[in-house]
Amino acid sequence: MSTTSLTNVAFRSADVVLVGDRLRVSGELTAGGQSVVIDPETSIDIDGDEIRLDVHAKLDQRKLGMTHSPLGMVKTPSTLLVHAVLRRER
């Protein structure tokens, strides 16, 4: 699968629960028309009008159709890392 076929990647949460400074999240990750259920570890930091999220999830990328690694550099499972900053518009 080429990266040109992965122009749309989406995560749809099924459940989100705040536990201390962590979010317990479960949902479905979709890429290249394939979907997998993931339960990522998510930390949250709220500072005024800003919310920072750090997301870490292990997943089998082959379930998303990502089966070719020309140099053998991508092992299974892969780790998905997302850092997001949400800011309130003024």
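Each residue of the range 34-50 in turn: what ³J(HN,Hα) in whole Hz from Karplus with 6.51, -1.76, 1.60 and θ = phi - 60°, glycine and Pro shown as x?
Using θ = phi - 60°, the values come out as 10, 10, 9, 8, 10, 10, x, 7, 9, 9, 10, 9, 10, 9, x, 8, 10 Hz.
Considering the dipole of the chain built from charges on the beta carbon (Lys and Arg +1, Asp and Glu -1) around the Cα centre, which of Met73, Pro40, Val17 is farthest to its positive end?
The listed residue farthest towards the positive side: Met73.
Quote to one decimal, in nm, the extra length available between Glu50 and Asn8 on full extension: 0.36 nm per residue of separation minus the C-alpha distance between them.
Details: separation 42, 0.36 × 42 = 15.12 nm, distance 2.59 nm.
My answer for the length gained is 12.5 nm.
Sort 39-46, 9-16 by the packing proxy (mean of other Cβ within 10 Å over each peptide's residues), most packed first. Spell out each step's value before the answer.
Details: 39-46: 15.0, 9-16: 11.0.
The peptides rank, most packed first, as 39-46, 9-16.
Ordered by residue, what ³J(HN,Hα) values in Hz, to whole numbers, does the range 82-89 give under the Karplus form 6.51 cos²θ - 1.76 cosθ + 1.60, where θ = phi - 60° and Gly and Pro are x?
9, 10, 10, 10, 10, 10, 6, 6
Can you tell me the dipole magnitude for the chain around its Cα centre, using point charges on the Cβ only (Lys, Arg +1; Asp, Glu -1), in Debye to the nearest 20? Numbers along the way, then the final one.
Working: 11 positive and 12 negative charges, 70 e Å.
With Lys and Arg at +1 and Asp and Glu at -1, about 340 debye.
When you take every Cα atom in the chain, what is the radius of gyration, and what is Dmax, the widest Cα pair distance, in Å?
Every Cα atom of the chain included, Rg and Dmax give 15.1, 47 Å.
Every number in this text was worked out from the coordinates using simple rules, so none of it is lab data. A quick note: this is a predicted structure, and the numbers were derived from the prediction, not measured. Counting neighbours? That spans all protein chains shown, and the Cβs are built from the backbone with ideal geometry, glycine included.
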